[in-house]
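Comments concern the structure below.
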Amino acid sequence: MQEISKQTQSVTDPLDPARARAMEATLGAEPRIESGDPLPPYFHQLYFWDPRPPQELGRDGHPKTGGFIPDMGLPRRMWAAGKLAFHSGLLAGVKAERRSSIESVTRKDGKTGPLAFVRIRHDILQRGGVALTEWQDIVYRQDPAPDAVKPVPPVAATDEERALHRSFDSTALFRYSALTFNGHRIHYDKPYAQEVEGYPGLVVHGPLLVQMLMLLAEEALGRPMREFSYRATAPLFDGEEAAFCWKAGRLWVRGPDGRQCMEAAAS
């Protein structure tokens, strides 16, 4: 069930444990989650879908802007950064509500042209209280010019205390897109990703990188997280092996050429 006004949105979801088990399998774990079990951190990304008919989608497969998210005339969408505050755990199979609001919309002129930044706040409620609060920063930009110079990504650190190595093929990206109902074509339509958005291959979902870092952080902390923040710094592509790294509360994703794809912090 969904209710939408210009700047707010409310969605309820039963948090079907079958979907959580499918995510466990997609990530390479044995599917075990049953109704009433705590959900791993960030598994709420599997729920609270916003399905739209084809005529309400943009060229990239996402719902068109101009409804909940305002239309700023910029066609490319990127998940740039975010923060989460964990108040209590979510339980599989127990009805929850996500209340979303637009906190800010700002425009800037970047090196590659105009940019628009949209900050969205989500409060997820279950059993009468707020279980977690999430902020998402989405960036909209123009298509790249054919002769545009590609930005140089930062170099990732190599002094990690723990590291998990993982690559994602097109099947893994398809499964994650399906489980999160993410229609963005850069994750499964290689001709679109290369010819329209200028990427060398399929782009690994930013939230999938966040998911891997969160699981690593909770394992390293040895307890549930209280806060997690992250910032995307460069894309990772299908077939590339990444190192998901931890050191004293700091996390990052290192690509095969040493570039930093994401940085994060957990406490």
- Message: Going through the cross-link list K83/K108; K83/K247; K190/K247; K64/K108; K64/K190; K83/K190, which pairs have a Cα-Cα distance over 27 Å in this structure?
- Response: K190/K247; K83/K190
- Message: Testing the spin-label approximation: label points 7 Å from Cα along Cα→Cβ at A220 and A248. State their distance in nm.
- Response: 1.2
- Item | Convex hull per residue volume in Å³, alpha carbons only, for the range 121-267 | 124
- Item | Estimated FRET transfer efficiency when R0 is 30 angstrom, pair E195-V149 (beta carbons, to 0.05) | 0.95
- For the chain, with a Gaussian network of springs between Cα atoms less than 10 Å apart, report the residue from S104, S229, S88 with the top mean-square fluctuation. S104
- Output ³J(HN,Hα) for the range 160-175: one whole-Hz value per residue in order, computed from phi by the Karplus curve 6.51 cos²θ - 1.76 cosθ + 1.60 with θ = phi - 60°, and x for Gly and Pro. 5, 8, 9, 8, 10, 9, 7, 10, 10, 8, 5, 5, 4, 5, 4, 5
- Task: Please identify which residues in the range 65-88 have an amide N closer than 18 Å to a label point set 7 Å out from the Cα of W135, following the Cα→Cβ vector.
- Result: 79-87
- Query: Could you work out the helix-only [θ] at 222 nm for the chain, with each DSSP H run of four or more residues adding -39,500 (n - 2.57) and the total divided by the number of residues, to the nearest 500 deg cm²/dmol?
  - Reply: -5000 deg cm²/dmol
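In Å, what Kirkwood hydrodynamic radius results for the range 214-259 from the alpha-carbon pair distances?
Values: mean 1/r = 0.0842 Å⁻¹.
This gives a value of 11.9 Å.
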- Message: Counting each pair of different Cα atoms once, what's the Kirkwood radius of the range 1-77 in Å, rounded to one decimal?
- Response: 14.9
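Arranged by the count of other C-beta atoms within 10 angstrom, fewest first, what order do R175, R223 take?
Neighbour counts put them in this order, fewest first: R223, R175.
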- Note on the structure: Non-local residues with an amide H under 5 Å from the amide H of L202, with H modelled 1.01 Å from N and Pro and chain starts lacking one, are D238
- Correct choice for semi-axes √(5λ) of the Cα gyration tensor in Å that was computed from the model, options (1) 27, 24, 22; (2) 27, 24, 18; (3) 35, 22, 18: (2)
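Given R₀ = 22 Å, FRET efficiency for A18-R121 by Cβ-Cβ distance, to 0.05?
Numbers: r = 29 Å, r/R0 = 1.30.
My answer for the efficiency is 0.15.
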- Note on the structure: Whole-Hz Karplus couplings 3J(HN,Hα) for the range 30-43, θ = phi - 60° and coefficients 6.51, -1.76, 1.60, Gly and Pro as x, run 6, x, 9, 5, 10, 4, x, 7, x, 7, x, x, 6, 5
- Query: For the chain, what relative contact order do you get, as a whole percent, if you take Cα pairs closer than 8 Å and at least 6 residues apart?
  - Reply: 19
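Every number in this text was worked out from the coordinates using simple rules, so none of it is lab data. Given the structure is predicted, the values throughout are model-derived calculations rather than measurements. So basically every Cβ, Gly included, is an ideal-geometry build from the backbone, and we count neighbours across all protein chains shown.
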